[in-house]
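The values are calculated or read from the model by the stated rules, or taken from the named source; none is laboratory data. None of these values were measured; they are calculated from a predicted model. As a convention, Cβ positions derive from the backbone with ideal geometry for all residues, glycine included, and neighbour counts pool all protein chains shown.
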Amino acid sequence: MKVKYLIILSILMSTINLSTATNPYGEIYTYDVYYNDKLLPGTEVAKPILKIGEPFNIKVNMTVYHEYKVSGQISEIGSGDFEVIEGPSQINRYSSVNLKPNESHIFEWIVKPTEGWAGGSLPINFHYSIVEKGNPEPVINSGFTVAYCTISNEHYKGETPTPEEQPVSKIQSSPETQPTPRSAPAFSLVAAIAVLAIVFLRSLHK
């Protein structure tokens, strides 16, 4: 019986190691991505069909678990195919913020396509870097595509948001309002497995 418990315990401990290893950056940061205020789950990419000049919103909520300087930017493959209406930086230029442990920051832009890629499709990306205090080399330097936009030849005739109508601010979300992050650490699973392991260990001594 004891041998059986030891085998089960070994399997549980292996599961803990696997759960931690499959998420190498979960203890450093997590993020959520939104297109027009809609959460993009997992690695999903928005695929809108837009008119020339039609505004859309990109938002990335970054949370760090240590003290870091976080920089973010939106980028395009060419030049002049998108125009920032409102946001912390222009396209291909970084905006930076210093965050404390367990603090969040929202990078947000209102953008519109120009005539440069009318009749075609192209991506708009988010690039970010995370730098530790006292270390010039980034801990993380990465990026991903937020939306793959198809631009029609039609011109947008609706209203274009202004800063007064739809301000884009750098806000730090509270824990109560944070949704489940894309790369959330597997702490809950590890904790549950650890409890089971303790139960088995106690059974060995009975």
Of residues in region 12-43 being over 25 Å from residue 103 (Cα atoms) and surrounded by fewer than 12 Cβ atoms within 10 Å (Cβ to Cβ), the one modelled with the highest pLDDT | 14
Within region 103-158, residues in contact (Cβ under 8 Å) with a residue 40 or more places away in the chain and polar (S, T, N, Q) come out as 104, 114, 125, 129, 145, 150, 152, 153
Which one of 156, 148 is assigned by TED's automatic domain parsing to the domain that holds residue 60, surrounded by 15 or more Cβ atoms within 10 Å (Cβ to Cβ) and modelled with pLDDT of 55 or more?
-> 156
May I ask you to list the residues in region 108-152 that are part of a loop (DSSP other than H, G, I, E, B) and under 20 Å from residue 50 (Cα atoms)?
-> 114, 118, 119, 120
Test: residue 49 is at pLDDT 95 or above, of a type in the set (A, V, I, L, M, F, W, C), surrounded by fewer than 18 Cβ atoms within 10 Å (Cβ to Cβ) and over 18 Å from the mean Cα position of the chain (by Cα) = yes
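Residue by residue, here is whether (1) surrounded by fewer than 18 Cβ atoms within 10 Å (Cβ to Cβ); (2) out of contact with any Ser or Thr (no Cβ under 8 Å at 6 or more places or on another chain); (3) not polar (S, T, N, Q) holds:
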site	(1), (2), (3)
77	yes, yes, yes
99	no, yes, yes
108	no, no, yes
123	yes, no, yes
139	yes, yes, yes
144	yes, no, yes
